[in-house]
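Q: To start, I am sharing the structure in question, which I have written as structure tokens.
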Amino acid sequence: MSDHAGAGFRVSGLTLAFGLAALAALSILAMGQSWTVPVTAFSAAALTGVAIYLAFGAGHSATGESAGPHPNMQDLIPDTARDILDSIDEPLLLLDSADRVVFANPATHSLIRSDAMGKRLSSVLRTPELLESIGRVHSGGSAETVEFTMPVPIERHFEAHVSRTSGQLLLVRIRDVSNIRRSEQLRADFVANASHELRTPLASLTGFIDTLRGHAKDDPAARERFLEIMSSEASRMRRLIDDLLSLNRIEMNEHIPPSGEADVVTLVRDAADGLQPLADSESMQIEIEDRPPLWAIGQRDELTQVFQNLIHNAIKYGHSGGHVRVRFGTSGNGGADRERAQIFVAVEDEGEGIPREAIPRLTERFYRVDVKRSRERGGTGLGLAIVKHILNRHRGRLEIHSVPGSGSTFTAWLPAAAAA
Ligand code: ADP
């Protein structure tokens, strides 16, 4: 093929590459609007991969040049294509026939050193699964997807797609799937925990049904006692199902912040009124700081649930005969920049407190410091998970402070409404 014809092929290859690169840029722009960010990013990477193939792979073969020992990609990749490849937030690597890195976009810096160019991939990334896959594709295998894990500094899971762009070059597109794997694991754990929590009262109910049909059949006193227990086990199942449904509903709406306003002082008083009989049964006093209304941006029912759960816990795990105190306050800029102002509601008890190492885990579903005690007190292990999700939805947060032996303070922070 003449030089002239070769040059012509290369020019049309570049034109196509620019077209595809523009498509890829559109995909990247679409990412900001879409829920399918990883998928879009991956297809953007695919498009740019094709762009590289057309610009460089086809160019090489058309001009009769071999990729050579180390093609100078710097000269070959047009600036626009490079800008697009650099802007993709998923790692993208091009390797030559000797496995040397000839292109690496900035997203690869979280995986390999930024001076990896020209080095063999095996010297900068020690992941046997990926290197073996690259070896297979190099030696004629078809494109493949492989998973690998990087254990340090924190464990991350990746999926890499290895494909050939020409006889000499390999394109490696990498996707971080850690969040997907983590949520799969969380879902599996959650289903296992929820089934376990439901199975326990169910087993107790079936046990008592058998007993009532059997030797307790003609024993009215035993029957009364067993029916009492069965009723409390059934209530426990109902509470668990109610909490599971609440959690599900809140999670579904978590990405939509509430737009209403609510006076947290009134909501706390309402929540405390509902819990007064329980406090009385423990000879506890609920003391609510006396203050004028304090308005938060939020949804009344959900915020009531937050305060109910926190005050309920303060009674359950507080000091029998002691006090539960609720305080209010504000922080942040209350002047020109009012959106930033935050209000807080702090619920304090005089209970045993919480071991330091348990504090970060309290909002996990079904996590309890003392499972037996929680069950005895009618707990489901979901109360604080519900609190956390409601506060997340409200763009607020939960702070937990505890001194073992003297008590705990759970503080809910919420964005203040303009009237605060
Ligand atoms: P539960 O239904 O078990 O109360 P939660 O999600 O409300 O579930 O709380 C999780 C765990 O956090 C409880 O089981 C308990 O161990 C601990 N906890 C919550 N609130 C308090 C508190 N005020 N004082 C001490 N421990 C608490």
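The values are calculated or read from the model by the stated rules, or taken from the named source; none is laboratory data. Just so it is clear, the model here is predicted, and its values are computed rather than measured. A quick note on method: Cβ atoms are made from the backbone with ideal geometry, for glycine too, and the neighbour counts reach across all protein chains shown. The accessibility values were calculated without ligands, DNA or RNA, using every heavy atom of the protein model including side chains. Shrake-Rupley method; radii C 1.70, N 1.55, O 1.52, S 1.80 Å.
Q: Counting only residues that are open to solvent by less than 40 Å² (accessible area, probe 1.4 Å) and β-branched (Val, Ile, Thr), how many does the range 211-239 have?
A: So the count comes out to 1.
Q: Is there a residue being open to solvent by less than 10 Å² (accessible area, probe 1.4 Å) and either modelled with pLDDT of 90 or more or of a type in the set (Asp, Glu) (or both) anywhere in the range 63-71?
A: Looking for residues that are open to solvent by less than 10 Å² (accessible area, probe 1.4 Å) and either modelled with pLDDT of 90 or more or of a type in the set (Asp, Glu) (or both), one finds none in the range 63-71, hence no.
Q: In the range 151-185, which residue that is of a type in the set (Asp, Glu) and more than 24 Å from residue 103 (Cβ to Cβ) is modelled with the lowest pLDDT?
A: Filtering first and then ranking leaves 155.
Q: More than 32 Å from the chain's Cα centre (by Cα) and among the aliphatic types (A, V, I, L, M): which single residue out of 241, 315, 286, 250 fits that description?
A: 286
Q: Whether any residue in the range 384-402 is hydroxyl-bearing (Ser, Thr, Tyr) and part of a strand (DSSP E or B) is what I want to check.
A: Taking every residue of the range 384-402 in turn, at least one turns out to be hydroxyl-bearing (Ser, Thr, Tyr) and part of a strand (DSSP E or B).
Q: Can you find, within the range 134-146, the residue that is surrounded by the fewest Cβ atoms within 10 Å (Cβ to Cβ) among those that are farther than 21 Å from residue 88 by Cβ and of a type in the set (S, T, N, Q)?
A: Per the criteria, the residue is 139.
Q: A further question follows. Tell me, please, whether a residue that is of a type in the set (Val, Ile, Thr), within 8 Å of the ligand (Cβ to nearest atom) and either part of a loop (DSSP other than H, G, I, E, B) or farther than 23 Å from residue 322 by Cα (or both) can be found in the range 340-350.
A: No: zero hits.
Q: So the check is Cβ under 8 Å with 6+ separation or different chains; which pairs have a first residue in the range 107-124 that's open to solvent by 90 Å² or more (accessible area, probe 1.4 Å) and a second one that's in a loop (DSSP other than H, G, I, E, B)?
A: Listed by first residue and then by second, the contacts come to 120/98; 120/99.
Q: I would also like to ask the following. Before we move on, is residue 159 more than 28 Å from residue 85 (Cβ to Cβ), of a type in the set (D, E, K, R) and open to solvent by less than 40 Å² (accessible area, probe 1.4 Å)?
A: Considered against the rule, which asks whether it is more than 28 Å from residue 85 (Cβ to Cβ), of a type in the set (D, E, K, R) and open to solvent by less than 40 Å² (accessible area, probe 1.4 Å), residue 159 comes out as no.
Q: Separate question: Say whether the condition of being in a helix (DSSP H, G or I) and assigned by TED's automatic domain parsing to the domain that holds residue 405 is met by at least one residue in the range 315-323.
A: yes
Q: Among the residues of the range 111-136, how many are assigned to a helix (DSSP H, G or I) and within 23 Å of residue 79 (Cα to Cα)?
A: Qualifying residue count for the region: 0.
Q: Next question. With away from the ligand (no atom under 16 Å from the Cβ) and modelled with pLDDT of 95 or more as the only criterion, which of 219, 263 stands out?
A: 263
Residue by residue, here is whether (1) in contact with a Ser or Thr (Cβ under 8 Å, 6 or more places away or on another chain); (2) open to solvent by less than 60 Å² (accessible area, probe 1.4 Å); (3) of a type outside the set (Lys, Arg) holds:
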{"position": "242", "(1), (2), (3)": "no, no, yes"}
{"position": "252", "(1), (2), (3)": "no, no, yes"}
{"position": "280", "(1), (2), (3)": "no, no, yes"}
{"position": "283", "(1), (2), (3)": "yes, no, yes"}
{"position": "293", "(1), (2), (3)": "yes, no, yes"}
{"position": "302", "(1), (2), (3)": "no, yes, yes"}
{"position": "310", "(1), (2), (3)": "no, yes, yes"}
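Q: If residue 310 satisfies all but one of (1) touching a residue at least 12 places away in the same chain (Cβ under 8 Å); (2) more than 17 Å from residue 401 (Cα to Cα), what's the number of the condition it fails?
A: It is condition (2) that residue 310 fails.
Q: If I ask for residues that are among the aliphatic types (A, V, I, L, M) and either modelled with pLDDT under 95 or more than 8 Å from the ligand (Cβ to nearest atom) (or both), which ones from the range 358-399 would you list?
A: 359, 371, 390, 391, 398, listed by residue number.
Q: Same structure, new question: Considering each residue of the range 184-218, count those that are acidic (Asp, Glu) and touching a Phe, Trp or Tyr at 6+ places or on another chain (Cβ under 9 Å), and give that number.
A: So the answer is 2.
Q: So, one more: For the structure I just gave you, tell me whether residue 177 is of a type outside the set (Lys, Arg), under 23 Å from residue 84 (Cβ atoms) and open to solvent by less than 20 Å² (accessible area, probe 1.4 Å).
A: No.
Q: Of these, 384, 398, 362, 391, which one is open to solvent by less than 70 Å² (accessible area, probe 1.4 Å), in contact with a Ser or Thr (Cβ under 6 Å, 6 or more places away or on another chain) and under 26 Å from residue 190 (Cβ atoms)?
A: Of the residues listed, the single one that is open to solvent by less than 70 Å² (accessible area, probe 1.4 Å), in contact with a Ser or Thr (Cβ under 6 Å, 6 or more places away or on another chain) and under 26 Å from residue 190 (Cβ atoms) is 384.
Q: Moving to a separate point now. Does at least one position in the range 282-295 carry a residue that is assigned to a helix (DSSP H, G or I) and in the same structural domain as residue 329 (by TED's automatic domain parsing)?
A: no
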